Amino acid sequence: MKTPYAQTRRHFLGQAPTALAGVGLTSLLQRDLLASAKTHTPKAKRVLQIFCPGAASHVDLWEHKPELERMSGNPLPGEEDFSSFQGKNGNLMKSPWPFVRAGKSGKMISSMLPNMARHVDDIAFCHGMWSKTNTHGPGCVFVNTGHDTEGFPSAGAWTSYALGSLTDNLPAYVAITDMRGEPPNGKANWSNGFLPAQHQAIMMNAQQPIRNLDLPKGVTPKQEAASRDFLRVLNEQHLERNPGLSELQARMQAYELAARMQLSAPEVSDLGAEPTSLRQAYGADDPNRLKAGYARNCILARRLLERGVRYVNLYCASRASGVDGLLNWDAHKTLKGDYERHCPIFDQPTAALLSDLKQRGLLDDTLVLWTTEFGRMPTHQAGTVGRDHNPDAFTCWMMGAGIKGGVSYGATDPFGRRAEVNKTSIWDFYATVLHLLGMDHEKLTFYNNGLDRRLTDVHGHVLRRILA
């Protein structure tokens, strides 16, 4: 029995050309939308985004709070009984380390970051950040994608989609994971979401270069090339029969890129080519193996950037463990001990990377971002000497191409509890990033499930006061 929706073979074939034309038209429209998003000459060609998962504390690293020091040991005015993520909070707790004045700008920065202090005159600090969530996984995804649920493209994926690669031999987008593991919510932080699949980041680090690039034993380069040529013919035939299948297109492009990377990737991953003096500057041979591992990842990030990778995510720490604050910056119980472990891992290698980029002239057209998922409370957690989650206030910063250094934009209240002056959303942050890449964030869209989706959702304003 025929249903009202039944189709004859002739009817189906008659409609097929119209359907295929629609696929082609969608592709053309998408290209036109991309072209319209590029509204001005970019200041930046590439982006390095450093991410410290675990919610690195703004009041212990970047934002000096004299009133917090003065009132330490007293209840937080107006929130004496406040319960945050893990429960009741105690009294105000000043940072265990003094802040010191640095640079010509006189920026106050934690004494735990003596090497980073050398760069404050080149950094624009955004002290008025806030988040939608107080949970690590959604928080990391929110800061990386502009949405607090999985399934959306990361900023790096959007950049890859809009601008493509600067080289034919390396990916446009690379995520360098910490040797301790992936961040909370893992690969969702560098996902392509609903964008074509080739815009997801390639994951690697100095300890584990890109896998499966070596030829199998017994296979010669000539045999490998012949197999690839034959496979390409089969794939192209299959793609003709299945137009618009982005996963297939991405798989084909991945194989082709893998073939080219068999020559380029071993070279870019060969950190032994770096001079001893540079390795020492980064701390790549430090006896602290976590610091040495992160330092080698920093060198790898620079090598990727200078060889044409468009967007690099660089992680310093990983997801949570059974002991709070052990593997990342989530210092719930023992802030002093945790940060005296994490700050030395982060400080020297990151500062050396920034110096290296500057010396090579790469900062002229490279935008550097430092991000974390949210901040921490100015009080101690009840019964501990750590701090609980604080989604209402945290710091991120930018440096490099098109950025006015030595400035602080926005501020929290006198205790660091809430963003108060020039409150800044992650959408404002990425509107500014896209602006520096030559794009209007409101015009960079992708049609998905009935909506024109954006990295900045339906929000965002360019932070013009931090632009050079």
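Which helices, counted as full DSSP H runs in the chain, have an axial Cα extent of no less than 27 Å and a Kyte-Doolittle average of 1.0 or above?
Taking the DSSP H segments of the chain (at least 27 Å long, mean hydropathy at least 1.0), we get none.
Size of the dipole of the range 168-236 about the Cα centre, Lys and Arg at +1 and Asp and Glu at -1 on the beta carbon, nothing else charged, in debye to 20?
160 debye
Just round it to a whole percent: the fraction of Cα-Cα distances in the range 384-424 exceeding 14 Å.
56 percent
How much length is gained on full extension from Arg464 to Leu231, taking 0.36 nm per residue of separation minus their Cα-Cα distance? Walk me through the intermediate numbers first.
Numbers: separation 233, 0.36 × 233 = 83.88 nm, distance 5.00 nm.
Stretched out fully, the Arg464 to Leu231 stretch lengthens by 78.9 nm.
So for Thr135, Thr149, Thr39, Thr456, fewest C-beta neighbours within 10 Å to most, what's the order? Each step should come with its number before you reach the end.
On the way: Thr135 18, Thr149 11, Thr39 14, Thr456 23.
Lowest to highest Cβ neighbour count: Thr149, Thr39, Thr135, Thr456.
Would you mind counting up the charge near Gln359? Only other residues with Cβ under 14 Å from its Cβ, with Lys and Arg at +1 and Asp and Glu at -1. The partial results should precede the final answer.
On the way: positive: Arg118, Arg302, Lys358, Arg360; negative: Asp122, Glu274, Glu306, Asp356, Asp364.
Neighbour charge sum, excluding Gln359 itself: -1.
When only alpha-carbon atoms are used, what values of Rg and Dmax, in angstrom, describe the chain?
In Å, with Rg to one decimal and Dmax whole: 24.1, 83.
Using only DSSP helix segments of four residues or longer, with each worth -39500 (n - 2.57), what per-residue ellipticity at 222 nm results for the chain after dividing by its residue count and rounding to 500?
Taken over the chain, the calculation gives -11500 deg cm²/dmol.
Taking neighbour counts of Cβ atoms within 10 Å as a proxy for exposure, in what order, fewest first, do Cys52, Cys140 appear?
Numbers: Cys52 22, Cys140 28.
With the fewest neighbours first, Cys52, Cys140 line up as Cys52, Cys140.
What is the gain in length, in nm to one decimal, between Arg341 and Gln223 on full extension, counting 0.36 nm per residue of separation less the C-alpha to C-alpha distance?
Here the answer is 37.5 nm.
Which residues' amide hydrogens lie under 5 Å from the amide hydrogen of Leu326, considering only partners 5 or more residues apart or on another chain, with H built in the peptide plane?
The list, which skips near neighbours in sequence, is Ser321.
How would the range 28-127 be classified by its alpha-carbon gyration tensor: rounded, prolate or oblate, with rounded meaning a/c under 1.5 and the a/b versus b/c comparison settling the rest?
Oblate, since a/c reaches 1.5 and b/c is not below a/b.
Cross-link list Lys38/Lys104; Lys187/Lys217; Lys187/Lys443; Lys107/Lys291; Lys65/Lys404: which exceed 29 angstrom alpha carbon to alpha carbon?
Lys38/Lys104; Lys187/Lys217
Taking a label point 7 Å from the Cα of Glu79 along the Cα→Cβ vector, which residues of the range 47-61 have an amide N closer than 14 Å to it?
Those under the cut-off are 58-59.
Run the simple label-point estimate for Thr41 and Asn449 please: 7 Å along Cα→C-beta, distance reported in nm.
Between Thr41 and Asn449, the label points sit 4.1 nm apart.
Looking only at the chain, where both bridge partners belong to it, what percent of the DSSP beta bridges are antiparallel (to the nearest 5)?
Approximately 55 percent, going by the DSSP bridge assignments.
No lab work stands behind these numbers, since they all come straight from the coordinates. Owing to the predicted nature of the structure, the values given are computational and were not obtained by experimental measurement. Note: ideal-geometry Cβ built from the backbone for every residue, glycine included; neighbour counts use all protein chains shown.
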